[in-house]
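The values are calculated or read from the model by the stated rules, or taken from the named source; none is laboratory data. Quick caveat, the model's predicted, so the values are computed rather than measured. For neighbour counting, all protein chains shown are included, and Cβ atoms are generated from backbone atoms with ideal geometry for every residue, glycine included.
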Amino acid sequence: MGGKIECFLDISSYFSYVAFADLAQNRDKLAASGVDIDSKLTHHVNTGNNPPWTNKAKAKYLQCDSRRAAQRVGLVNIRSPPDLMAAGHTISPLRALHFVKANYPPATFIAAMEACFIAFWTPPNVNLIPEENLRAVLLGATEKPGRSDSKTLFTEDEVDKIMKSRGSMKDVLLATTQRAVDLGAFGAPWFWVTNDGGEQEPFFGSDRHLTTNIAMTAPELTLIVAATRSMGIGFQGTMPWKGLKREMQYFARVTTRVPASSQAPQNAVIMGRKTWDSIPPKFRPLKNRLNIVISRSATPSHPPSSSPSTTASSSSSAEIRVPSVEAALQYAHETSAGTGARVFVMGGAQIYEAALRHPAAKRVLLTRIDAEFDCDVFFPLDLRADGDGEAAARGWRKRSREELERWTGQEVDEGGQEEAGIKYEFEMWERE
């Protein structure tokens, strides 16, 4: 995993704001995948083309496209300034932001840029050209833009210095804009993307949905677990219950099934050493799946340089040992990057906890055991329907049975089922 995204943005570009918001929501996930994001501010890239809204058909389409794009990234109350062409000469704020980038931490630069985007694109649409307006926006900029209770980024003296130093950033802004032009830019947003193999590719305009188009993020993590009413998952190194053969068959089908749209030869299952040891030797490794075992004593592993199918064949006969969840994710990504393979985490408790902290953790497939057993190990996220709201507070939502069936490709009995005198139900929870 890894790579770099150079983002060439313009405050007066509507879709630059959309792309900025998209990246902001996925910055942690990209960072966890080793992707470096370098946001760069440019002035208008002059290509000699007429603005798209001067074409009636394009202008009509842009009304729909702009609305959908803003809604997709959660931008509300966004509106173009009354006189965009006049207000769009944002050389002054762009130079100010370049000074912030050169002299403050990256988080401060990103927050200051967001403050300018918000001021420019939401009513009353502040014109950032007059000095007093730009000064007011910088003075009001906070660590968490849009929240009045958040700490401000700059003191009055710091804002004075930023304003006085804009002239020193003239050549920096010119050089950054020229860099975008040299890379083929004909407008903003423009992205120059380098993947972990050194391959480079541009993205622009309708390609602005970076997190869907750039196949360099970590694969989603799906945690799969069976737990009692009180979220108990183990007792003395084994499962607290016996005889749930259909539940085990469900686990096997779900973790083995590769989606029809995928080019992956197999999915991956990640587990801790104790979980691996608890599997009867005759069933190890779990067949038709890439078995990745996390052990502190392991050294980082990398798959052989070969096609995914060859790698799948060579790794299916033995487990892969890695030292951490991050290393496990990296191995799974390197093995099947771009194929759509699914990655499952199957325990134990410490591995679940580490996975839940990872930004790639998207989903929990829970078998809810409607009973209590003696347990000494518990799932680290309370997904009880009658719990204290921990799951909701951390952004987890239970999905419908229909959504569960669509994702797993399995038919699920409504209301659950009973086996060996134990009632249980399959559920799916996702982090929003």
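Go through (1) of a type in the set (Gly, Ala, Ser); (2) within 24 Å of residue 370 (Cα to Cα); (3) at pLDDT below 95 one by one and return the number of the condition residue 227 breaks.
The number of the failed condition is (3).
Does the range 232-271 hold any residues that are in a helix (DSSP H, G or I) and of a type in the set (Phe, Trp, Tyr), and which are they?
Across the range 232-271, the qualifying residues are 250, 251.
Of the residues 37, 118, which single one is modelled with pLDDT of 80 or more, at negative phi and part of a helix (DSSP H, G or I)?
Criteria check complete, one pass: 118.
Being part of a helix (DSSP H, G or I), within 16 Å of residue 320 (Cα to Cα) and at pLDDT below 95: is that true of residue 274 here?
yes
Counting only residues that are among the β-branched types (Val, Ile, Thr) and buried (at least 19 other Cβ atoms within 10 Å of the Cβ), which one in the range 298-338 is modelled with the lowest pLDDT?
Of everything passing the filter in the range 298-338, 311 is modelled with the lowest pLDDT.
Kindly indicate which of 350, 410 is modelled with pLDDT of 90 or more, in a loop (DSSP other than H, G, I, E, B), assigned by TED's automatic domain parsing to the domain that holds residue 260 and of a type in the set (S, T, N, Q).
Unique residue meeting the criteria: 410.
Being under 24 Å from residue 25 (Cα atoms) and either of a type outside the set (Phe, Trp, Tyr) or assigned to a loop (DSSP other than H, G, I, E, B) (or both) narrows it down to one residue among 423, 362; which is it?
Result: 362 is the single residue among 423, 362 that is under 24 Å from residue 25 (Cα atoms) and either of a type outside the set (Phe, Trp, Tyr) or assigned to a loop (DSSP other than H, G, I, E, B) (or both).
Let's see how each residue does on (1) exposed (fewer than 13 other Cβ atoms within 10 Å of the Cβ); (2) of a type outside the set (Val, Ile, Thr); (3) free of Cβ contacts under 8 Å to residues at least 60 places away in the same chain:
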site	(1), (2), (3)
62	no, yes, yes
77	yes, yes, yes
86	yes, yes, yes
95	no, yes, no
98	no, yes, no
109	no, yes, no
119	no, yes, yes
122	no, no, yes
125	no, yes, yes
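State all residues of the range 240-284 that are acidic (Asp, Glu) and closer than 23 Å to residue 412 by Cα; if no residue qualifies, say none.
Result: 247, single match.
Given the structure, is residue 401 closer than 23 Å to residue 267 by Cβ and free of Cβ contacts under 8 Å to residues at least 40 places away in the same chain?
yes
Would you say residue 160 is modelled with pLDDT of 95 or more and either under 23 Å from residue 116 (Cα atoms) or hydrophobic (A, V, I, L, M, F, W, C) (or both)?
Yes: the conditions hold for residue 160.
Does any residue in the range 347-363 that is closer than 16 Å to residue 219 by Cα come within less than 8 Å, Cβ to Cβ, of a residue that is at pLDDT below 90 and among the hydroxyl-bearing types (Ser, Thr, Tyr) six or more places away or on a different chain, and which pairs are these?
Note: pairs meeting the criteria are 354/324; 360/33; 360/217.
Quick check: anything in the range 45-52 out of contact with any Ser or Thr (no Cβ under 9 Å at 6 or more places or on another chain), at pLDDT below 85 and of a type in the set (A, V, I, L, M, F, W, C)?
No: zero hits.
For (1) more than 21 Å from the chain's Cα centre (by Cα); (2) loosely packed, with under 11 Cβ neighbours inside 10 Å; (3) basic (Lys, Arg), each residue gets a yes or a no:
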| position | (1), (2), (3) |
| --- | --- |
| 383 | yes, no, no |
| 390 | yes, no, no |
| 395 | no, yes, no |
| 399 | no, no, yes |
| 407 | no, no, no |
| 411 | yes, yes, no |
| 415 | yes, yes, no |
| 422 | yes, no, no |
| 428 | no, no, no |
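Starting from residues that are of a type in the set (A, V, I, L, M) and within 16 Å of residue 267 (Cα to Cα), keep the ones in the range 327-359 and report whichever is farthest from the chain's Cα centre (by Cα).
346
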